[in-house]
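Okay, structure first, notes after.
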Amino acid sequence: MVVDEATVKRIARLARIKVTPEEARGLEAELSGILDWVKLLDDVDTTGVEPMTRVVPISLKQRPDVVTDGGIADAVTQNAPEAQDHFFVVPKVVE
Amino acid sequence: MTDLTKLTLAEARDGLRDKQFSSVELTAAFLAAIEAANPHLNAYVLPVPEHALAHARESDRRIASGAARPLEGLPLGNKDLFCTNGIRTTACSRILDGFTPTYESTVGQNLWDAGAVMLGKLNCDEFAMGSSNETSCFGPVVNPWRRTRNGAIDNAKLVPGGSSGGSSAAVAADLCLAATATDTGGSIRQPAAITGTVGIKPTYGRCSRWGIVAFASSLDQAGPIAKTVRDAAIMLRHMASHDPKDSTSVDAVVPDYEAEVGRGVKGLRVGIPKEYRIDGMSKEAEATWQKGIDWLKAAGATVHDISLPHTKYALPAYYIVAPAECSSNLARYDGVRYGLRVPGRDLLDTYELTRAAGFGKEVRRRVLIGTYVLSAGYYDAYYLKAQKVRTLIKHDFDEAWNTVDVILTPTTPSPAFAQGEKSGDPIAMYLEDIFTVTVNMAGLPGISVPAGLSSEGTPMGLQLIGKPFDEPTLFRAAQVIEDAAGRFQLPRKWWA
């Protein structure tokens, strides 16, 4: 197994997804299977090969650093599960 | 009157222009067809009849006053990955439950500005992750095609492909004239192939990604699924644009693709990659491929054997790059700014509970894989390695373009499969994209065009791969195949 139960729990925590102990055991085998399969790439000699950063040879566009929109706080917070006076409301973070 | 829903996009456009029928009549015919078929096919997750009829009435006014735009009054379906202003958009995920965008995707806006009418939002795999449309939180889409076995029609529900399964099923079942779709690893071409429709993924950067729910940003592209090659050409012209809001969209004139249709392939050099002759390819896929070769030769093209040596590494490299990008893109779904929230004891607990409840099994699996390959100590071994392999895959194509103008392959290794047949085995499902994924990895354009029926009477497609921004050649060559193969329309609307 490339991925053991402790690793599943660690990456689930990093990904902010709660997994039950039963799910963690199932994921152990599933993730190991996929990661074993992608190990096929080890057969490829990539010495001196540049990693791809873009598929189309265009340089990244730039524009003047100025404000181009704003004043849409209503729209920004409209879909929030909980909002108050244009603020997103979350559970208490600091005691 | 004849059944208006059977018209192609081009025929409907000409009929509206010649005032043979109105956009309201055309739109009402589609709305009635959707009402009858949707309980059986589940292609639409949100039909919008009132919205559609209001726009159709506006189109009829414009046509009457001589102010018609290029797609005036033509009813289309819109994949639920495209944000729609004031209309629920979910990417078919519970985590976007009730999300109503306050903006329109650029591709959508381009279509509505050209006069097209939206009939509703189309089903898809959750966040476009899947090859069978079985991961949608709204349930699977049913392929309108059925298999024939031992001379009798088999009632097993077939998948319409994925992720754009709502788009492919709706077009095949005459529930819209054409549909928007997106393709990250094959999500336009594979569903098109197994429903007898035409689908094109254009060159990366040809369509703006702005306002489309992101999956893997370096691979995602929008494109159409349509009934014919000509219809796909009409659609793509009006979907593509340069968009300052997407820094990867390309500032190049959009050609009149429709003008390319019918120009033929005399002297065109067609490459046949030997690495695509894989074990596990069905005899039928192989035979269809040979027919395609013969048709293009008969039309004056020359055929050449080529090699794309890194082909077999494209799929594993994809299953590192795509999950890595998806784990980053999907970090935004935190239960704070939009969509679902499951309250927890504290903020962290709220995040974890929300994401566990909101993401389906396949999405969770990919986010976890992506998180793993990007985590400390593994980045070089997985992600960087995959991006290097990607460079080699692109290099294979660059070499091929020295000797050929276009590449012909099957779109899928086999025809449509039944629901549940592959959903238990992630890797078997991933193999659906074996012929399409290389194209996304290299950013190239690819089109799938119907080429025949399997022994079970279900559609099979051929894929043409082009040089960057050479969609015109794809439309020319695809039309030659369509002319030779004929169109494959449903033998029977079994739900009617």
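Tabulated data
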read-out: Failed criterion for B:Thr27 (all others in (1) more than 21 Å from the chain's Cα centre (by Cα); (2) under 30 Å from A:Asp74 (Cα atoms) hold); value: (2)
read-out: Condition met for A:Lys18 (touching a helix residue (DSSP H, G or I) at 6+ places or on another chain (Cβ under 7 Å), more than 7 Å from every other protein chain (Cβ to nearest Cβ) and under 20 Å from B:Leu330 (Cβ atoms)); value: no
read-out: Residue within the range B:133-154 that is modelled with pLDDT under 95 and among the aliphatic types (A, V, I, L, M) present; value: yes
read-out: In the range B:369-382, the residues that are under 26 Å from the mean Cα position of the chain (by Cα) and either surrounded by fewer than 20 Cβ atoms within 10 Å (Cβ to Cβ) or without any contact (Cβ under 8 Å) to a residue 40 or more places away in the chain (or both); value: none
read-out: Selection count, the range B:293-308, where residues are touching a strand residue (DSSP E or B) at 6+ places or on another chain (Cβ under 8 Å), loosely packed, with under 15 Cβ neighbours inside 10 Å and part of a loop (DSSP other than H, G, I, E, B); value: 1
read-out: Subset of the range B:1-59 (residues that are of a type in the set (Val, Ile, Thr) and surrounded by 22 or more Cβ atoms within 10 Å (Cβ to Cβ)); value: B:Thr27, B:Ile34, B:Val45
read-out: Matching option when the condition is modelled with pLDDT under 95 and more than 29 Å from B:Lys493 (Cα to Cα), among B:Asp97, B:Asp60; value: B:Asp97
read-out: Enumerated helices (runs of 4 or more DSSP H) restricted to the range B:95-202, each holding at least 1 residues that are surrounded by 24 or more Cβ atoms within 10 Å (Cβ to Cβ) and under 11 Å from the mean Cα position of the chain (by Cα); value: B:165-172, B:189-193
read-out: Any hit, the range B:40-63, residues being touching a Lys or Arg at 6+ places or on another chain (Cβ under 7 Å), part of a helix (DSSP H, G or I) and free of Cβ contacts under 8 Å to residues at least 40 places away in the same chain; value: no
read-out: Subset of the range B:376-423 that is in contact with a helix residue (DSSP H, G or I) (Cβ under 9 Å, 6 or more places away or on another chain) and among the β-branched types (Val, Ile, Thr) - its residue that is nearest to the other protein chains (Cβ to nearest Cβ); value: B:Val389
read-out: Residues (of a type in the set (A, V, I, L, M, F, W, C), assigned to a helix (DSSP H, G or I) and facing chain A (nearest Cβ under 7 Å)) located in the range B:309-347; value: B:Ala317, B:Ile320, B:Leu347
read-out: Residue among A:Ile58, A:Ile72 that alone is within 7 Å of chain B (Cβ to nearest Cβ) and more than 25 Å from the chain's Cα centre (by Cα); value: A:Ile58
read-out: Verdict on B:Glu286 being more than 30 Å from A:Val93 (Cβ to Cβ), assigned to a helix (DSSP H, G or I) and charged (D, E, K, R); value: yes
read-out: Condition check for B:Asp470: charged (D, E, K, R), more than 19 Å from the chain's Cα centre (by Cα) and within 13 Å of chain A (Cβ to nearest Cβ); value: no
read-out: Residue ID - nearest to B:Ala357 (Cα to Cα), chosen from residues in the range A:23-38 that are more than 7 Å from chain B (Cβ to nearest Cβ) and among the acidic types (Asp, Glu); value: A:Glu23
read-out: Condition broken by B:Arg230, with the remaining ones in (1) in a helix (DSSP H, G or I); (2) in contact with a Phe, Trp or Tyr (Cβ under 9 Å, 6 or more places away or on another chain); (3) crowded, with 24+ Cβ neighbours inside 10 Å satisfied; value: (3)
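The values are calculated or read from the model by the stated rules, or taken from the named source; none is laboratory data. All values derive from a computational prediction rather than experimental measurement. Backbone-built Cβ (ideal geometry, glycine too); neighbour counts: all protein chains shown.
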